[in-house]
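Computed from the coordinates by the stated procedures, all read-outs in this text should not be read as laboratory data. The structure presented is a predicted model; accordingly, all values stated were derived computationally and were not measured. In this analysis, Cβ positions are derived from the backbone assuming ideal geometry, glycine residues included, and neighbour counts consider all displayed protein chains.
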Amino acid sequence: MNSGSKRPVRRPSLKVVVPVILFCTYYPYSWLILSKGSWTGYRWTWIKMWPALPGLMPRAMLFHHIPDALALAGMLAITVILVGLLIYLASRRNWLFAVVAPLTFILSALNSMVAYSLYRM
């Protein structure tokens, strides 16, 4: 097979990749707004942390000894880097998109279970 006969690589559209990856990343944390119970200040604090919650496990492993505000900034930075990397990988090839999206959802659901157990403490 010569190089002139290669088919161009099909890439998924960013119009599809970005919303799907964001959905897979953040939907598992929807228990914050869908669960029953009173809307206390504690719950609102967790809702305000929602954008950074995907970085919860790295925070627990790496930033457990620093003040909460700085740790939250670290969680947010890790989340932005991870989501950016996932979007980049998922937009490279169709098969990568088919692997990255479900894997993102599964890992985010596991992280969400840890977050829920911390929330209920």
Candidates SER13, SER108, SER35, ranked by Gaussian network fluctuation over the chain, Cα under 10 Å, top entry: SER35
The chain - Rg (one decimal) and Dmax (whole number), Cα, Å: 17.7, 66
Mean Kyte hydropathy of -0.5 or more with a Cα span along the axis of at least 24 Å, helices from DSSP in the chain: 68-90, 94-120
Ranked list, fewest to most other Cβ atoms within 10 Å of each Cβ, for LYS15, LYS36: LYS36, LYS15
